[in-house]
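A.B. asks: After the structure tokens below, expect a handful of questions from me.
The values are calculated or read from the model by the stated rules, or taken from the named source; none is laboratory data. Just so it is clear, the structure is predicted and the values come from calculations on it, not from any experiment. Please note: Cβ atoms are built from the backbone with ideal geometry, for glycine as well, and neighbour counts cover all protein chains shown. Keep in mind that these areas ignore ligands, DNA and RNA; they rest on the heavy atoms of the full protein, side chains included. Shrake-Rupley method; radii C 1.70, N 1.55, O 1.52, S 1.80 Å.
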Amino acid sequence: RQGINAEYGAFRGEDFFSQIFEQFGGGFQQEDKPSDIQVSASISFKDAVLGCERQIEYKATCSCSTCSGSGAKPGTKATTCNTCRGSGMQSKDSGFFSISSPCRACSGSGKIISSPCTSCSGKGVKRENKKVTISIPAGVDNGDSVRVPNHGNAGKKGRTGHLFVKLSVASDDLFKRDGNDLIVEVPVPLSVAVLGGTINIPTLDGMTDLKLNGGIESGEKRILRGKGVRSHREQLGNLIVILRPVIPKLNSEAERQLFQQLTKDDSNQPAIKQFVDKAKSWSKK
């Protein structure tokens, strides 16, 4: 099943003017207005960097199917409010000013429902369990939100808010992420670290070969351009490979003697000799 395309988006703030109306008493009923919904979803690291489809279950205010959102019992109709004459607003003079506020008789709807729908109690909307399958784009990160248009709470006038899905991305045992770059630590056999050779490394596209020259030190990095995360803005990161030469365990006396013979001149290595000279010089100060 193809998922609904999700978009990046910000949450809407509460309308400034509706706050003012509420301060003057009454105000529109909350069910009359569409509103956004925020839910959370947990996804794996792999799903976040490669993209996935996910079914989201949530509760939403939906238009009542019994009365088609009118709030009136089937077979009846709402009548025009006599108090506000259908405008939904009342004016009150206060000195030099005239203050308008939602009509208390009809709660700002402009209509009076004499025979309310029994399914929604005249509200025209009711709470329902919803399911939607969405397509989460590749490159999302922890804390990102994706926007699913027109899947939020419905209002009585047919408009619907949006659904926002906030993502919680699990950590990964293999890769770490820095923006669009991926970081992976790879063990290197001692023979390859010393003499050079080819090792097999993981990428988002599968395993690939990496050729190394001899003389590898722990912590050295190799950068594979364009092998990182492709963001929703089509920016492509790199794969940073951190090399970790592995010191083998010697299981026999013969192996120990052979290794000692091979490494008997290690103390004369330039890096070791330079460090020892610096340490001795510092101690004499």
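A.B. asks: Go through SER87, SER107 for me and flag whichever is polar (S, T, N, Q) and open to solvent by 50 Å² or more (accessible area, probe 1.4 Å).
C.D. replies: Answer to the check: SER87.
A.B. asks: What single numbered condition from (1) closer than 23 Å to ASP205 by Cα; (2) at pLDDT 95 or above fails to hold for ALA138?
C.D. replies: Checking ALA138 against (1) closer than 23 Å to ASP205 by Cα; (2) at pLDDT 95 or above, the one that fails is (2).
A.B. asks: Quick one: in the range 118-137, of everything that is in a loop (DSSP other than H, G, I, E, B) and in contact with a strand residue (DSSP E or B) (Cβ under 6 Å, 6 or more places away or on another chain), which residue is surrounded by the fewest Cβ atoms within 10 Å (Cβ to Cβ)?
C.D. replies: Only one residue fits best here, namely GLY122.
A.B. asks: Does the range 157-201 hold any residues that are hydrophobic (A, V, I, L, M, F, W, C) and under 30 Å from VAL125 (Cβ atoms), and which are they?
C.D. replies: LEU163, PHE164, VAL165, LEU167
A.B. asks: Give the number of residues within the range 179-205 that are out of contact with any Ser or Thr (no Cβ under 8 Å at 6 or more places or on another chain) and either part of a loop (DSSP other than H, G, I, E, B) or open to solvent by 30 Å² or more (accessible area, probe 1.4 Å) (or both).
C.D. replies: Result for the range 179-205: 13.
A.B. asks: So how many residues does the range 43-52 have that are out of contact with any strand residue (DSSP E or B) (no Cβ under 7 Å at 6 or more places or on another chain) and surrounded by fewer than 18 Cβ atoms within 10 Å (Cβ to Cβ)?
C.D. replies: 3
A.B. asks: Please pick out the residue among GLN19, GLN55, GLN2, GLN23 that is loosely packed, with under 13 Cβ neighbours inside 10 Å, under 20 Å from the mean Cα position of the chain (by Cα), at pLDDT below 90 and not hydrophobic (A, V, I, L, M, F, W, C).
C.D. replies: GLN2
A.B. asks: Starting from the range 163-175, keep only residues that are in a loop (DSSP other than H, G, I, E, B), then list their pairs with residues that are of a type outside the set (Phe, Trp, Tyr) whose Cβ atoms are within a distance under 7 Å, requiring at least 6 positions of separation or different chains.
C.D. replies: ALA170/SER42; ALA170/SER44; LEU174/VAL184; LEU174/PRO202; PHE175/LEU182; PHE175/ILE183; PHE175/VAL184
A.B. asks: To continue, here is another question. Quick check on my filter: what residues within the range 58-96 are in a strand (DSSP E or B) and within 43 Å of the chain's Cα centre (by Cα)?
C.D. replies: TYR58, LYS59, ALA60, THR61, CYS62, SER63, ALA72, MET89, listed by residue number.
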